[in-house]
Amino acid sequence: MQPIRQQKIIDKNGIKFIKLSENKFNLTFDMNNNNIILPSIINFDLIQLIYKLNPNIFENVSVDNNSETNVTINILLKDVFSDLGLPHYFLALNVTKVVIDANKILFNCSSFDNKLDIYDPDVELIPIQKFDIYFNIIQNHNINVSCNIDLIDNHNIPAFAEKMIGNIIYNIFNRLKQFIDNVSV
């Protein structure tokens, strides 16, 4: 199989979602707010904020704090794809926060199969192997976010669904970006 060339899936409002190869994607955007020190909010509370900003996408999110730098997250998405013949999805993540240097923070997210008893039996794990979210601190009021997403081999996500999934990812992060860009203290 020949490698695919980069393919732009979404590029609007400063958010770019690109398909790099068959199993790799990248999402980038900037957050800007002169009213708050942005590096101070790069912590696991962002997960709860994303959940609260997207009630139409997430059915349930639970976060277990394992340590100051590690959490386990269980996410149940709303069943938005059933009319297209796609399964109801969940995601379980082990997330480690790594301070690379004074200007870069990484959330290293590894997926694992942790189907909770409260989920319906037909709920399936999203075929994400891992993703890394880099917070590149440009200055205290400007952060560039870059997220590398790796799907598992033979992920069975149809090509027609990539644009829809891209729009969902766009909506999740656009709401976060707008909230942070516009919050005032």
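Listed values, structure above:
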| quantity | calculated |
| --- | --- |
| Residue in the range 87-127 that is farthest from residue 59 (Cα to Cα), counting only those that are part of a strand (DSSP E or B) and among the small types (Gly, Ala, Ser) | 110 |
| Check on residue 98, over 30 Å from residue 185 (Cα atoms) and not hydroxyl-bearing (Ser, Thr, Tyr) | no |
| In the range 158-180, residue nearest to the chain's Cα centre (by Cα) [restricted to those that are exposed (fewer than 15 other Cβ atoms within 10 Å of the Cβ) and over 18 Å from residue 79 (Cα atoms)] | 178 |
| Of the criteria (1) among the polar types (S, T, N, Q); (2) within 20 Å of residue 71 (Cα to Cα); (3) part of a strand (DSSP E or B), which one residue 144 fails | (2) |
| Flag for residue 106 being hydrophobic (A, V, I, L, M, F, W, C) and out of contact with any strand residue (DSSP E or B) (no Cβ under 6 Å at 6 or more places or on another chain) | no |
| Filter result for residue 19 (within 21 Å of residue 170 (Cβ to Cβ) and surrounded by 17 or more Cβ atoms within 10 Å (Cβ to Cβ)) | yes |
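Here's the yes/no breakdown for (1) β-branched (Val, Ile, Thr); (2) in contact (Cβ under 8 Å) with a residue 12 or more places away in the chain; (3) in contact with a Pro (Cβ under 9 Å, 6 or more places away or on another chain):
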site	(1), (2), (3)
108	no, yes, no
134	no, yes, no
143	yes, yes, yes
151	no, yes, yes
164	no, yes, no
168	yes, yes, no
171	no, yes, no
175	no, yes, no
184	no, yes, no
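Bear in mind that the values in this text are calculations on the coordinates, not laboratory data. Keep in mind that what you see is a predicted model, and the values were worked out from it rather than measured. Here Cβ is always computed from backbone atoms with ideal geometry, including for glycine, and neighbour counts include all displayed protein chains.
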